[in-house]
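Trainee: Pasting a structure below so you can have a look.
The values are calculated or read from the model by the stated rules, or taken from the named source; none is laboratory data. In this text the structure is predicted, and so the values were computed from the model without any measurement. Neighbour counts run over all protein chains shown; Cβ positions are idealised from the backbone, glycine included. Note: areas computed on protein heavy atoms with side chains; ligands, DNA, RNA excluded. Shrake-Rupley method; radii C 1.70, N 1.55, O 1.52, S 1.80 Å.
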Amino acid sequence: MNDTIERSQTHATFVVERTYPVPVAEVWHALSDNDARDQWFGGGPAFEVGHKSHDFRVGGRAVEEGQWHGGPRSRFESTYTDIVDRCRIVFTYDMWIDDRHLSTSLTTIAVEPDGDATRLTYTEQGVHFDGLDSVEGREEGTRAILDGLASFLTRDR
């Protein structure tokens with residue numbers, strides 16, 4: 001086998017904070033309930049889902065696999081390692097594009113009351129492989145996902 005990929009790994013941590021104008025219980029529901037999560041998490045209308053599952057419990061897994069319209073195939077696989085009700089979610093996840101392993105990450109989502117609102121702190125510690133992915137791109141994607149959560153939480157307000 002002729003492996004012409006230059007092997008490398010880049011380690012990075014980023015933190016994204018958001019304040020949502022709803023109580024912790026509503027944010028927690030959006031993070032943990034399958035039907036609610038389906039409405040804001042993922043690639044949106046530009047992503048054709050091939051397989052999706054979500055088992056929200058310690059040891060449970062989430063998988064989302066599909067294809068960007070006219071573009072690459074994507075696979076997200078995560079495992080929940082710690083869940084404290086209405087407080088903290090910790091999971092590991094891996095990303096692939098067209099069967100190329102992009103990254104492995106450890107993520108913590110913390111939620112806490114902020115008056116009548118909820119403060120969410122998303123911390124990701126990742127290793128990005130072989131120059132196939134950038135930390136900046138991952139942080140940008142995460143910000144977009146959390147913006148989608150904001151839209152979901154405030155859609156009827």
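Trainee: Being assigned to a helix (DSSP H, G or I) and either under 15 Å from the mean Cα position of the chain (by Cα) or in contact (Cβ under 8 Å) with a residue 24 or more places away in the chain (or both) is the filter here, so list the residues in the range 15-34 that pass it.
Mentor: Within the range 15-34, Val24, Ala25, Glu26, Val27, Trp28, Ala30, Leu31, Ser32, Asn34 qualify.
Trainee: Being surrounded by fewer than 16 Cβ atoms within 10 Å (Cβ to Cβ), assigned to a helix (DSSP H, G or I) and at pLDDT below 90 is the filter here, so list the residues in the range 35-66 that pass it.
Mentor: Those that are surrounded by fewer than 16 Cβ atoms within 10 Å (Cβ to Cβ), assigned to a helix (DSSP H, G or I) and at pLDDT below 90: Asp38, Gln39, Gly44, Pro45, Ala46.
Trainee: So, one more: Go through (1) assigned to a strand (DSSP E or B); (2) modelled with pLDDT under 95 for Glu140 and report which single condition fails.
Mentor: If we test Glu140 against (1) assigned to a strand (DSSP E or B); (2) modelled with pLDDT under 95, just (1) comes out false.
Trainee: Checking the conditions here, which among Thr107, Thr79 is in contact with a Lys or Arg (Cβ under 7 Å, 6 or more places away or on another chain), assigned to a strand (DSSP E or B), free of Cβ contacts under 8 Å to residues at least 60 places away in the same chain and under 21 Å from Ser32 (Cα atoms)? Write out each step before concluding.
Mentor: Numbers: Thr107 fails: in contact with a Lys or Arg (Cβ under 7 Å, 6 or more places away or on another chain).
Result: Thr79 is the single residue among Thr107, Thr79 that is in contact with a Lys or Arg (Cβ under 7 Å, 6 or more places away or on another chain), assigned to a strand (DSSP E or B), free of Cβ contacts under 8 Å to residues at least 60 places away in the same chain and under 21 Å from Ser32 (Cα atoms).
Trainee: Considering the range 110-133 alone, what residues qualify as being in contact (Cβ under 8 Å) with a residue 60 or more places away in the chain and either among the β-branched types (Val, Ile, Thr) or outside any strand (DSSP E or B) (or both)?
Mentor: Of everything in the range 110-133, those that are in contact (Cβ under 8 Å) with a residue 60 or more places away in the chain and either among the β-branched types (Val, Ile, Thr) or outside any strand (DSSP E or B) (or both) turn out to be Val111, Asp116, Thr118, Thr121, Thr123, Val127, Asp130, Gly131.
Trainee: From the residues in the range 17-31 that are β-branched (Val, Ile, Thr) and out of contact with any helix residue (DSSP H, G or I) (no Cβ under 7 Å at 6 or more places or on another chain), which one is least open to solvent (accessible area, probe 1.4 Å)?
Mentor: We begin by selecting, within the range 17-31, every residue β-branched (Val, Ile, Thr); these are 19, 22, 24, 27.
Narrowing the set further to residues that are out of contact with any helix residue (DSSP H, G or I) (no Cβ under 7 Å at 6 or more places or on another chain) leaves 19, 24.
Details: Thr19: 78, Val24: 22 Å².
It comes out as Val24.
Trainee: Where the second residue is open to solvent by 70 Å² or more (accessible area, probe 1.4 Å) and the first is of a type in the set (Phe, Trp, Tyr) and lies in the range 136-157, which pairs have Cβ atoms under 8 Å and are six or more apart or on separate chains?
Mentor: Phe152/Gln39
Trainee: I'm trying to understand the selection: among the residues of the range 84-99, which are touching a residue at least 24 places away in the same chain (Cβ under 8 Å), loosely packed, with under 15 Cβ neighbours inside 10 Å and either in a strand (DSSP E or B) or touching a Phe, Trp or Tyr at 6+ places or on another chain (Cβ under 6 Å) (or both)?
Mentor: If the condition is that a residue be touching a residue at least 24 places away in the same chain (Cβ under 8 Å), loosely packed, with under 15 Cβ neighbours inside 10 Å and either in a strand (DSSP E or B) or touching a Phe, Trp or Tyr at 6+ places or on another chain (Cβ under 6 Å) (or both), then no residue fits.
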